[in-house]
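Just so it is clear, none of the values below were taken in a lab; they were calculated from the coordinates. A quick note: this is a predicted structure, and the numbers were derived from the prediction, not measured. Here the Cβ positions follow ideal geometry from the backbone for every residue, glycine too, while neighbour counts run over all protein chains shown.
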Amino acid sequence: MPAGIFGQLDGVIDGEAYGWALDPNAPDRPLKIVAYINGRLVAEALAVYYRPDVAERLNCSGRHGFYLDLSHFCQRPSSAILDVRLPDGQPVQGAPARAHLPGPRSSPSATLLFMHIPKTGGTALREAVLSNYRQSEIAYVYPEAPGFPIQDLRDLPLEQRGRLRLVAGHFQYGVHTHIPGISSYFTVVRETLTRVWSHYNYLARQGERRSLEEMIESKATVNLDNMTVRCFAGIDEHDFPPGSITRDVFDLAAYNFEHAFSYVGLQEQMDEAYRSLQETYGWTRNVPAVMNRGTYGSKQCSQAQEMLIRHFNQWDVKLFERAVQSSNQRRRTAVA
């Protein structure tokens with residue numbers, strides 16, 4: 001691997017340029033690249049997108065890709081010279097290059113925020129939703145790939161954040177404060193017992209040796225402690241460790257549920273959730289077949305374990321009941 005920073009412009013498709021950039025001496029630090037059209041500086045962005053091909057070829061995390069929608073910078077379809085440069089001023093490999101730019105295109109004004117609550121089957125919904133957007137319009141907030149290798153979205157240049165139209169990830173309510181302009185949340189929730197049981201089994205597969213009873217009663221992790229309420233309330237786990245959720249926190253979560261979310265679907269009805277979102281936002285992609293199979297597992301825990309989960313997650317139980325009651329009435333607009 002070369003010693004200095006380097007990268008590559010891979011191409012331009014329908015006005016969206018893509019490539020990657022990496023500093024081998026600081027591979028965890030995202031590089032900021034800048035783009036010029038006909039010698040005029042038009043955009044800058046962090047190279048933070050996951051590129052599995054780059055990960056395999058360079059033996060790195062792969063979270064070094066960039067996408068730039070250049071259609072905003074030409075008044076009409078035209079051919080232009082595109083130059084993409086690294087922080088040291090050097091062009092990436094493959095630049096400058098001649099590219100066809102299609103001219104301005106319309107895009108939705110609001111940024112949609114998909115709050116992906118862990119163990120709700122949200123990955124299937126996320127993959128379906130992604131097909132309706134350009135890569136440069138999407139941000140991923142996950143601790144691992146495809147999540148961006150940044151602390152939060154405020155690390156992105158303001159202009160790059162302003163182009164986002166979909167943010168997906170394991171975040172809580174409050175991420176809208178990092179997005180310029182109008183934004184709106186949506187999510188899916190899962191019945192409390194099956195969600196907690198699923199998360200415990202995930203932890204067990206990752207090497208957790210304690211029993212469910214030991215994990216819950218010792219208050220070992222917030223993932224088994226009213227996680228849904230925590231996400232809707234937007235609270236910090238350091239301020240509210242396991243076992244500390246109160247009526248006040250639930251009321252905050254319920255308020256955000258009612259007033260800040262344009263749609264809250266049920267994991268048990270995932271295909272219906274996508275169709276409702278498709279109708280609301282005018283998405284053109286159909287519901288993928290994988291979402292219609294609906295094999296989400298079944299309850300396998302004992303009666304004692306079920307009682308334990310419901311007791312320690314009483315606020316999640318209440319919020320899920322509210323979601324079920326309102327699932328047929330969520331055809332409204334809510335903005336953060």
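Table for the structure above
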quantity: Ranked Asp271, Asp28, criterion: other C-beta atoms within 10 Å, fewest first; calculated: Asp28, Asp271
quantity: Nonlocal Lys pairs with alpha-carbon distance under 24 Å, the chain (8 or more apart, or different chains); calculated: 6
quantity: Cα long-axis angle, helix 314-326 against the chain (0 to 90 degrees, to the nearest 10); calculated: 70
quantity: Likely footprinting exposure, Thr120, Thr177, fewest C-beta neighbours within 10 Å first; calculated: Thr177, Thr120
quantity: Nonlocal amide H pairs with Asp10, under 5 Å, H built at 1.01 Å; calculated: Tyr18, Gly19, Trp20
quantity: Rounded tilt (10° steps) of 192-205 against the dominant C-alpha axis of the chain; calculated: 60
quantity: Three-way shape call for the stretch 39-172 based on the alpha-carbon gyration tensor, with the a/c threshold at 1.5; calculated: oblate
quantity: Cα gyration tensor shape for the stretch 63-134, rounded if a/c is under 1.5, else prolate or oblate; calculated: oblate
quantity: Beta bridge orientation in the chain: antiparallel %, DSSP, nearest 5; calculated: 60
quantity: Relative contact order (percent, whole number), the stretch 107-336, Cα cutoff 8 Å, 6+ residue spacing; calculated: 28
quantity: Fewest-first sequence of Thr194, Thr123, Thr284, Thr187 by Cβ atoms within 10 Å of each Cβ; calculated: Thr284, Thr123, Thr194, Thr187
quantity: Loop-located GluC sites (Glu not before Pro) in the stretch 106-164 whose Cβ has at most 15 other Cβ within 10 Å (DSSP); calculated: Glu144
quantity: Additional length obtainable on full extension of the chain from Val324 to Gln206, 0.36 nm per residue less Cα span; calculated: 39.3 nm
quantity: Debye, to nearest 20: dipole size of the chain, +1 on Lys, Arg Cβ, -1 on Asp, Glu Cβ; calculated: 680
quantity: Antiparallel bridge percentage (DSSP; both residues within the stretch 38-177; nearest 5); calculated: 50
quantity: Degrees, to the nearest 10: 270-281 long Cα axis against longest axis of the chain; calculated: 50
